[in-house]
Amino acid sequence: MTLSQEIEKLISAMAENHAKSRYYRRPIVGYASAEDPLYDQLDKIIGNPQIHPRDMLPGARTVIVIFLPYSEIVYNDMKNGLLTSSVYSDAYMHTNALLDDMAAKTGELLASKGYRSASEPPTENFNHVTKTASWGHKSNAVIAGIGTFGLNHLIITRSGCLGRMTSIVTDAYIEPGKRPERSYCLFYQTGKCRKCVDNCPSGALCSDGTIDKRRCDAYLEGKNIHDWQQGCPQCALGPCAMRGF
Ligand code: B12
């Protein structure tokens, strides 16, 4: 078995054997080269200094990206029309913990073969003034080719955008993924779909492709007063929720 197959087997088994496995579909795992020239352009693209993989881990060769797509159970619960779904909130809490575990176990697998690794948590690692992280999992997902940015500013994968992700830097070499030739977002393909913009309860998302991050965060902050009210998935509930185009 190759190293990538071993990693994928480990990640799939962790999702399948998790106590809340009903929340998940099959994980997507992708690989970016730490030498990809896009990493040198991220400061400019994002407008905020970004950590280069080799600053995270000297000698870095690969960035492993894991996207955990949510199941119909999570999707249907939100489709009931509740702005805050207890299932989504529960999934949010468990998924952050599971992604941390996945990064740790992947690190252990790599260490057993003599490789080093480093990772950042799935969230809460951002500057609260700029609302931007210096290690963006979404950028890694794009560079690894597992998804593209949608009008909703989320990563849309072939299994949709409804889910969460993490990324791990290692000095092991794994063949990088190929980036898709076109966007998985219906709006960027046809100019017609604006479901995410229409769904946004705070007015933060605009059809010109911009997002008012402070407005979005203020809405989240005002709402997340209990653990069972985490997140707002409304921009992830369009036709791209469960599949990419
Ligand atoms: C800060 C943050 C927020 C802020 C700001 C959101 C934002 N859009 O940046 C607030 C609090 C508002 C927020 C809200 C939400 N968040 Co949030 N958040 C983060 C965090 C911590 C950092 C994101 C960041 O730095 N963004 C800055 C840049 C990267 O994003 P951007 O400005 O949208 O990027 C644009 C450009 O810079 C450019 N770009 C950026 N990188 C690259 C790379 C290349 C190669 C190219 C060409 C272009 C490009 O294209 C983008 C589109 O124009 C990440 C976790 C992490 N550390 O990565 C989670 C994360 C992005 N959030 C996530 C989610 C799910 C949400 C919410 C749905 C809330 C929820 N959990 O229910 C909403 C959705 C808001 C939205 N539509 O964007 C997920 C996204 C999953 C996905 N499918 O993409 C992440 C990855 C968490 C996770 N571990 O899964 N979030």
Given a 1.4 Å probe, how much area per residue of region 165-245 is accessible, in Å²?
55 Å²
I'd like the isolated cysteines in the chain, meaning no second cysteine's beta-carbon lies under 4.7 angstrom from theirs.
C161, C185, C193, C200, C206, C216, C232, C240
Among S207, S112, S86, which one shows the biggest mean-square fluctuation in a GNM of the chain, springs joining Cα atoms closer than 10 Å?
S112
Paired Rg and Dmax values of region 161-234, which use every Cα atom, in angstrom:
16.7, 44
Find the relative contact order for region 172-242 and round it to a whole percent, using C-alpha pairs within less than 8 Å whose residues are 6+ positions apart.
29 percent
Can you tell me, using C-alpha contacts under 8 Å and at least 6 residues apart, the relative contact order of region 47-126 as a whole percent?
24 percent
Which ³J(HN,Hα) values, rounded to whole Hz and listed in residue order, are derived for region 59-69 from phi using the Karplus coefficients 6.51, -1.76 and 1.60 in 6.51 cos²θ - 1.76 cosθ + 1.60 with θ = phi - 60°, glycine and proline given as x?
x, 4, 10, 9, 10, 8, 10, 10, 10, 10, x
Tell me the per residue accessible area of region 1-97 using a 1.4 Å probe; a whole number in Å² is fine.
49 Å²
Could you tell me what percent of the accessible area of region 3-236 is made up of carbon and sulfur, with a 1.4 Å probe and every protein chain present?
50 percent
Calculate the all-directions average of the projected area of region 1-119's alpha-carbon convex hull, and give it in nm².
9.1 nm²
What accessible surface, in Å², does a 1.4 Å probe find on V142, ignoring ligands, DNA and RNA and rounding to the nearest 10?
40 Å²
Spatial separation of Cα centroids for region 74-151 and region 16-36, in angstrom:
10 Å
Taking only the alpha-carbon atoms of region 94-229, what semi-axes of the equivalent ellipsoid follow from 5 times the gyration tensor eigenvalues under a square root, in whole Å, largest first?
29, 21, 12
For the chain, the helices passing both cut-offs (Cα extent along own axis of 18 Å or more, Kyte-Doolittle mean at least 0.0, full DSSP H runs) are 3-16, 86-112
If you bin every alpha carbon distance in the chain into 10 Å steps from zero, what whole percent lands in each bin?
7, 31, 38, 20, 3
Determine the alpha carbon to alpha carbon distance for each of K20/K213; K9/K223; K44/K213; K44/K113; K44/K195 and list only those over 27 Å.
K20/K213; K9/K223; K44/K113; K44/K195
Obtain the nm distance between the two label points defined at A218 and S12 by a simple spin-label model: each point lies 7 Å from its Cα along the Cα-to-C-beta direction.
4.6 nm
Sequence gap at least 6, Cα distance under 8 Å: using those rules, report the relative contact order of region 39-190 to the nearest whole percent.
34 percent
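The values are calculated or read from the model by the stated rules, or taken from the named source; none is laboratory data. On a predicted model such as this, the values are computed, not experimentally measured, just so you know. Glycine also receives a Cβ, built like all others from the backbone with ideal geometry; neighbour counts cover every protein chain displayed. Surface accessibility is based on the protein's heavy atoms, side chains included, excluding ligands, DNA and RNA. Shrake-Rupley method; radii C 1.70, N 1.55, O 1.52, S 1.80 Å.
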